[in-house]
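Chemist: To start, I am sharing the structure in question, which I have written as structure tokens.
The values are calculated or read from the model by the stated rules, or taken from the named source; none is laboratory data. Just so you know, these numbers come straight off a predicted model, no measurement behind them. Using ideal geometry, Cβ is built from the backbone for each residue, glycine included, and neighbour counts are taken over all protein chains shown.
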Amino acid sequence: MALPPGFLDELRNRTSIAQVAGRKVVWDARKSNQGKGDLWAPCPFHQEKTASFHVDDRKGYYYCFGCHAKGDAIGFVRETENVGFMEAVEILAREAGMTMPAPDPVAAQKADRLSELADVMEQAVQFFRLQLNTGPAVAARDYLAGRGLNDGALERWEIGFAPEGWQNLWDHLRGKGVDEDMILACGLAKPSNSGKKPYDTFRNRIMFPIRNPRGRAIAFGGRAMDPNDNAKYLNSPETELFDKGRNLYNFGPARAASGKGAPLVVAEGYMDVIALAEHGFEATVAPLGTAVTEDQLQLLWRISPEPIVALDGDRAGMQAAMRLIDLALPMLGPERSLRFCLMPEGKDPDDVLRSSGAGAMREMLDASLPLVELLWRRETEGQVFDSPERKAALDRRLQTALDRIPDAGLKGHFNQALRDKKWEAFRKPSTPRTVKPGRGRFDAAPGTPRAETKGSFLVAGDASTDERLQEAVVLATLVAHPILIERFESALERMETSLDAHSRVLSALLAGVGKERVEIEQLAGPDALETLYQPRHVHIAPGLREDHDSDVAEKCVAEGLAKLAAARGARRDVEDAMDEITGLVDEGLTWRLGQAAAARHDAGKPDEANPDDYEIAPNGVKLSRSDRARSEAVFDAIRFDKSGGSGA
């Protein structure tokens, strides 16, 4: 029912999230400050030993830095009690001593009609259940037994049978005194075009009741027993009770099972759901005869932040996965994603369970693929990228997909993952090249690169350690000076990170534009911050000293980002060059790489007062002259190698 304006605000003002959550958790006395309403505890939504679940009683919200669950008191009751919104409101209102508003007369009349329609549906459920035990249903019973369903399973899932004939259900319900318009409104019968009695929607089909999250029967799915039937599966038409794009088969029981820790699995059909649930995967749902819709995705994410989509191993299953990727991309976030479990070719989950058992299915679900992997496969499988044009076309397609992701931090991680995949896919081992004689010291026959070349400081030095320290300084400075985040937002979106903790801090910074330091620290989480501040080098950074203002911090961040961009660009250049030197005798190249190393590590610091010591790179980052020298030294080494040592 509709609530009057201000009711929810009053309810939240009267409700203490600390008291509500305190019924489910034990507060950590060392981390919590009861007087300030700052409370910490092990999270009630996932198994853990550390206190990463945070409640801010003054602001009225909770957040878990481990599983990222968040919300207010209403949301907490919904998640922990597995109830709907209005039920959660009623529970809290009762505790707060507030009277629920009287229902609107029109709304009450509509609710009464929906209840009457649901009663008619329940009568239909019972009719179909009884018909499954009759003589005409022997073929249906044999089919179900062949699918491994015993009497207990048939009872649990309320499976029934719609017999052949045009008015079996119609006559039964009319005999019970059900009005004609109610039967038609439930979608159980259709009016005749020839002026005769309405006829049953379902005939000679195995029947699966579809219930809403509150357990009401709202529709049916029917599997045809006649192999020549036009539709193998037939769902109820949309009615006042049933909107197939806003419901999921087995939603209520799956929500309860997921609340107890079971992984949420999305299958394609009724039999897959039943088979999976009967084998212990109780948090399983299915869309209702259509591709997954936006509303169904939102329902899935209300249950679990990362549902596993288990699709049939055929062309149709793969096409469904690809369509789902396009649907999900604009809705993705740090706490909303999908994984994909692809069945063996020609099999569905029911086939796998019957042939290999629950253990094999669990292994497949545990090995499910992230969405980015399916995106990469879609854009690359079966294609050849043997030209710059084809690679550029791939880049454009991937970028188009990335542009649809709304969260900047998540987009950055997708971009990095796809760059890694391109690196692995297009990195080819170099073939030995014959070097012509008469070029100074490069007269020898082809051979493998010498140890001193591969072990040169530029190739195998401590660049990764330096970069991690530089990353930590940049990120820690921005955490301490959040006013600077917006200034460097564009560069941060392109920033690569070498540690998971750094990645989480970067995501928190990008999500924290315009927020205070304490909020960013809450978003990042204590574990990530502990890793960030661990190196001593971070604590002595100028931008983190209390006696320095934000101007100093801004210069430190700008210089750090520029150095990272230059260092990583140089490293990639060297890696590309190393791919091409296999087969060379390379004393000269060793010397050139040594010169590049010297340029990279020994170039003088820029003069802060001299603007000529800086230039703006194409990506918008301010580079010092020394940074530029590093890159140029690497390119000199590469050009020297490609020219065969002639310098041409």
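Chemist: Tell me, yes or no, whether the stretch 292-301 has at least one residue that is part of a loop (DSSP other than H, G, I, E, B) and of a type outside the set (Ser, Thr, Tyr).
Modeler: Taking every residue of the stretch 292-301 in turn, at least one turns out to be part of a loop (DSSP other than H, G, I, E, B) and of a type outside the set (Ser, Thr, Tyr).
Chemist: Counting just the residues of the stretch 484-501 that are over 21 Å from residue 54 (Cα atoms) and in contact with an Asp or Glu (Cβ under 9 Å, 6 or more places away or on another chain), which one comes out surrounded by the most Cβ atoms within 10 Å (Cβ to Cβ)?
Modeler: Once the filter is applied, the top-ranked residue is 495.
Chemist: Then there is this: If residue 211 meets every condition in (1) more than 21 Å from residue 112 (Cα to Cα); (2) in contact with a helix residue (DSSP H, G or I) (Cβ under 7 Å, 6 or more places away or on another chain) apart from one, which number is that one?
Modeler: So residue 211 meets the others, but not (1).
Chemist: I would also like to ask the following. Would you mind listing the strands (runs of 3 or more DSSP E) fully within the stretch 1-69 where at least 2 residues are under 22 Å from residue 519 (Cβ atoms) and of a type in the set (A, V, I, L, M)?
Modeler: In the stretch 1-69, 38-41 are the strands (runs of 3 or more DSSP E) which contain 2 or more residues that are under 22 Å from residue 519 (Cβ atoms) and of a type in the set (A, V, I, L, M).
Chemist: Could we say that residue 166 is closer than 16 Å to residue 237 by Cβ, aromatic (Phe, Trp, Tyr) and touching a strand residue (DSSP E or B) at 6+ places or on another chain (Cβ under 9 Å) here?
Modeler: The answer is no for residue 166.
Chemist: Which count do you get for residues in the stretch 354-369 that are out of contact with any Pro (no Cβ under 7 Å at 6 or more places or on another chain), of a type in the set (A, V, I, L, M) and assigned to a helix (DSSP H, G or I)?
Modeler: Number satisfying all stated conditions: 3.
Chemist: Right, something else. So which residues in the stretch 94-138 are at pLDDT below 90, among the small types (Gly, Ala, Ser) and surrounded by 15 or more Cβ atoms within 10 Å (Cβ to Cβ), if there are any at all?
Modeler: Selection gives 96 alone.
Chemist: Are any residues in the stretch 147-205 basic (Lys, Arg) and assigned to a loop (DSSP other than H, G, I, E, B), and if so, which ones?
Modeler: 147, 176, 196, 197, 203
Chemist: Looking at residue 249, is it buried (at least 16 other Cβ atoms within 10 Å of the Cβ), hydroxyl-bearing (Ser, Thr, Tyr), in contact with a strand residue (DSSP E or B) (Cβ under 7 Å, 6 or more places away or on another chain) and without any contact (Cβ under 8 Å) to a residue 60 or more places away in the chain?
Modeler: Spelling it out, residue 249 is indeed buried (at least 16 other Cβ atoms within 10 Å of the Cβ), hydroxyl-bearing (Ser, Thr, Tyr), in contact with a strand residue (DSSP E or B) (Cβ under 7 Å, 6 or more places away or on another chain) and without any contact (Cβ under 8 Å) to a residue 60 or more places away in the chain.
Chemist: When the stretch 224-239 is examined, which residues are found to be part of a loop (DSSP other than H, G, I, E, B) and of a type in the set (Ser, Thr, Tyr)?
Modeler: If the condition is that a residue be part of a loop (DSSP other than H, G, I, E, B) and of a type in the set (Ser, Thr, Tyr), then 236, 239 are the ones that fit.
Chemist: Being among the β-branched types (Val, Ile, Thr) and surrounded by fewer than 12 Cβ atoms within 10 Å (Cβ to Cβ) is the filter here, so list the residues in the stretch 339-396 that pass it.
Modeler: Within the stretch 339-396, just 384 meets the criteria.
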